[in-house]
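The structure appears below as structure tokens.
Computed from the coordinates by the stated procedures, all read-outs in this text should not be read as laboratory data. All of these numbers come straight from a predicted model, not from anything done at the bench. Virtual Cβ from ideal backbone geometry, glycine too; neighbours counted across all protein chains shown.
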Amino acid sequence: MNQTLQQRDEMSSEDAVQAAPLLAVRGLSKAFGGVHAVDELSFQILPGQIYAVIGPNGAGKTTLFNLITGLYQPDQGGVSLKGEAVQGLPPERLARLGMSRTFQNLQICMNMTALENVMLGRHLHLKRNFLAVLLRWPSLRASERTCRAQAEELIRFVGCGDYVNAEAAAMPYGALKRLEIARALATQPSILLLDEPAAGLNSTETAALEQLIRKVAAGGITVVLVEHDMKLVMSISDRILVLDYGRKLAEGTPREIRDNPDVIAAYLGG
Ligand SMILES: Nc1ncnc2c1ncn2[C@@H]1O[C@H](COP(=O)(O)OP(=O)(O)OP(=O)(O)O)[C@@H](O)[C@H]1O
Ligand SMILES: [Mg+2]
């Protein structure tokens, strides 16, 4: 973990090209009718990075996440995770390989408690074998206890410790956004994709979210972040990918992106 962080601090742009990527996207394309939502897109994410994907509404950010996480099949191109081709694998297989995500629209069960939401997330995404569950009944009880303890720990980790047994419907919106991150972390991912985690948050909640994302990354989890909050993106990201009409407009460090004339003209200048 420390090594990853240290690597990140010491890595220049040239080193970055040579290190083995955790996630690699190559020539990825997806069209809906005549709309090229993602268009021949290639980029790499190194282990331990906080990697942001930005771009105007409709630029293809969520479609990119849906392609990477197996919700959509690509028309062309590939995705590899830890060097292994994973494009087209279903989300639960990807979860077992260490990929997890949150959604642009909250995917929380409002009539369940925070704890139940996090425990459910783990069961759904890892899809336990029902027969194994039946045959291993005594050890299952122990594993349920462990699962519950881990879920509680995660809820505290994301700063929702006051809400462990609260109904989700009774939680403030900012806490629900962090609860969704807890649920995504329950599958113990090596890479976590967050689709607009700061959307709808006030500045206090956004500051808490920023600290949480930093804590997640410090724990050795690679974070991919789709976000419109430029202050957050510029402050937290190691690298930024700018999408425009499904294509790569620019990619680089926050400073490189801020100073890029194409980005200023097409996006930030607006
Ligand atoms: N399931 C779908 N069916 C048809 N068109 C789609 C579908 N999903 C996305 N699109 C289209 O693909 C393009 C990219 O959409 P996408 O949701 O990926 O953008 P986005 O960058 O996430 O935008 P936003 O910032 O508003 O969330 C848009 O033109 C959108 O209308
Ligand atoms: Mg989107």
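Structure notes:
- In the range 62-121, one over the average inverse separation of all distinct C-alpha pairs is 12.9 Å, which is the Kirkwood hydrodynamic radius.
- Among Gly27, Gly174, Asn260 the positive-end extreme of the charge dipole of the chain (Cβ point charges): Gly174
- Helical mean residue ellipticity (222 nm; -39500 (n - 2.57) per DSSP H run of 4+; nearest 500) of the chain: -12000 deg cm²/dmol
- Per-residue 3J(HN,Hα) values for the range 90-97, derived from phi via the Karplus relation 6.51 cos²θ - 1.76 cosθ + 1.60 with θ = phi - 60°, read x, x, 6, 5, 5, 4, 5, 7 Hz in sequence order (x marks Gly and Pro).
- Lys, Arg +1 and Asp, Glu -1 on Cβ, resulting dipole of the range 134-251 about Cα centre, debye, nearest 20: 460 debye
- Calculated over the chain: convex hull of Cα atoms, volume per residue (Å³): 142 Å³
- Helical segments meeting 24 Å axial Cα length and Kyte-Doolittle 0.5 threshold in the chain (DSSP H): none
- All Cα-Cα distances of the range 182-270, cut into 5 Å bins from zero to the largest, leave 3, 12, 23, 23, 18, 13, 6, 2, 0 percent in each bin in turn.
- Residues whose amide H falls under 5 Å from that of Asp244, counting only those 5 or more places apart or on a different chain, are Leu249, with hydrogens built in the peptide plane.
- Length released on extending from Ala85 to Thr146, taking residue separation times 0.36 nm less the Cα-Cα span: 18.7 nm
- The range 188-229 - Rg over Rh from alpha carbon coordinates, Kirkwood radius: 0.97
- Candidates Gly77, Gly34, Gly55: whichever shows maximal mean-square fluctuation once the chain is modelled as a Gaussian network with Cα springs under 10 Å: Gly34
- Pairs of Lys in the chain closer than 26 Å at Cα, counting only those 8 or more apart or on different chains: 16
- Choice from Thr69, Thr206, Thr187 with maximal GNM fluctuation in the chain (Cα, 10 Å cutoff): Thr206
- Spin-label pair Ser203/Cys109, simplified geometry with 7 Å Cα→Cβ offset, distance in nm: 3.9 nm
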